[in-house]
1. Kindly indicate which of Leu193, Leu186 is closer than 15 Å to Leu222 by Cα and not small (Gly, Ala, Ser).
2. So in segment 219-241, with the set limited to residues that are of a type in the set (A, V, I, L, M) and surrounded by 20 or more Cβ atoms within 10 Å (Cβ to Cβ), which one is farthest from the chain's Cα centre (by Cα)?
3. Please work out which residue is farthest from Val86 (Cα to Cα), limiting yourself to segment 159-202 and to residues that are outside any helix (DSSP H, G or I) and of a type in the set (Val, Ile, Thr).
4. Can you tell me which residue among Leu58, Leu63, Leu97, Leu80 is free of Cβ contacts under 8 Å to residues at least 40 places away in the same chain, of a type in the set (A, V, I, L, M) and surrounded by fewer than 24 Cβ atoms within 10 Å (Cβ to Cβ)?
5. Taking only segment 126-158 into account, find how many residues are closer than 15 Å to Gly103 by Cα and in a helix (DSSP H, G or I).
6. I need the full set of residues from segment 1-56 which are among the polar types (S, T, N, Q) and either under 22 Å from Pro237 (Cβ atoms) or assigned to a loop (DSSP other than H, G, I, E, B) (or both), in order please.
7. List pairs: first residue in segment 187-202 and under 24 Å from Glu227 (Cα atoms), second residue assigned to a strand (DSSP E or B) and charged (D, E, K, R) anywhere in the structure, Cβ distance under 6 angstrom, at least six positions apart or on different chains.
8. If you scan segment 203-249, which residues turn out to be among the β-branched types (Val, Ile, Thr) and farther than 21 Å from His48 by Cα?
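Quick note: the coordinates plus some simple rules give every number you see, no bench work behind them. What you are looking at is a predicted structure, and each value in this text was computed from that prediction instead of being measured. Glycine gets a Cβ as well: all are built from the backbone with ideal geometry, and neighbour counts include every protein chain shown.
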Amino acid sequence: MTSTLLTVAPTGAESAKADVPALPVTLDELVRTARECEALGAAVIHVHIRDAEAQPTLDPARLVDTVTALRESTDLIIQLSTGGAVTDPEADRLRVLDADPDGASCSMGTVNFGSDVFYNRWDFIVELHTRMRDRQIVPEYEIFDLGQLTSLARLLDRHGLPHGGHVHCDLVMGVPGGMPGTPQALVAAVQALPEGATFSATGVGRSTLPVLLAALSAGGHLRVGMEDTLSYAPGEPVRDNAQLVARAAGLARIAQRPPMPVGDARAMLGVTDRRPTGRQVAPDTGSGADATVTRLGAAGGRGGR
Ligand code: KMH
Ligand code: ZN
């Protein structure tokens, strides 16, 4: 049976703790969230951190402490955000890699972000992609709009495959300024993925469920969490990240593609194991390979392009 990679994005950089009390912003809250979500089937955690005032930060020491704490407390694949907040300078975003995460996001283009602009210059993208490979960090290419997949093809063509040899994208849909969170947009994006790539999808706000269901039916993987979704249903605020992971895991099971074990996720994404020796476990080779979904929805291997 094929399986579904579940990523949790618990915090983000856009919501204020004062407005969303359930948002995990301290290290303790983040670790507790990570453990709960792992128990429910998440294999990857996409991490944004906050400072002592709960404001978004890319502080290097805090990032190191966060990676260390998550690695000691869970087996999750730790993916740090290099996107940060829209105001973060490029140098700070590149320095995120110094915290030695398993993976990191690599956004594939500039996009309007509500009334802000999320800047991702071509030269910055190339630098991020190259530094990640040099440091054996697996990228997740964040795709906010269709043309960014053309940029990804250009990046791989000119600068080669990432560390691990496998290309994994996350379609971030429904951002005001990016592609809409619709099945039609998802299908268009899936058709434009590089050959052999896998994809996750996340729909922001009201597009959460349509994107989740479309991604499952198109053979994709899922990202959920309070970075993207604050309402569980109309008029019903999300209780916590675990609630969103539990819903995604349940729908994945209904689709007969249950949550992917973390060992299989590590194998699929080509993650270098940085866990302390005692925590390292061999992947369950029974379901990892056939969980890879090509852009046409057929089964495929890890080869990338
Ligand atoms: N907070 C957004 C401006 C990423 O994590 O790499 C960017 C973002 C993407 O969330
Ligand atoms: Zn993010």
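1. Checking each option against the conditions leaves just Leu186.
2. Among residues in segment 219-241 that are of a type in the set (A, V, I, L, M) and surrounded by 20 or more Cβ atoms within 10 Å (Cβ to Cβ), the one farthest from the chain's Cα centre (by Cα) is Val238.
3. Thr198
4. The match here is Leu63.
5. Qualifying residue count for the region: 7.
6. Listed by number, the residues that qualify are Thr2, Ser3, Thr7, Thr11, Ser15, Thr26, Thr33, Gln55.
7. Pairs found: Ser200/Asp170; Ser200/Arg223; Thr202/Arg223.
8. Val211
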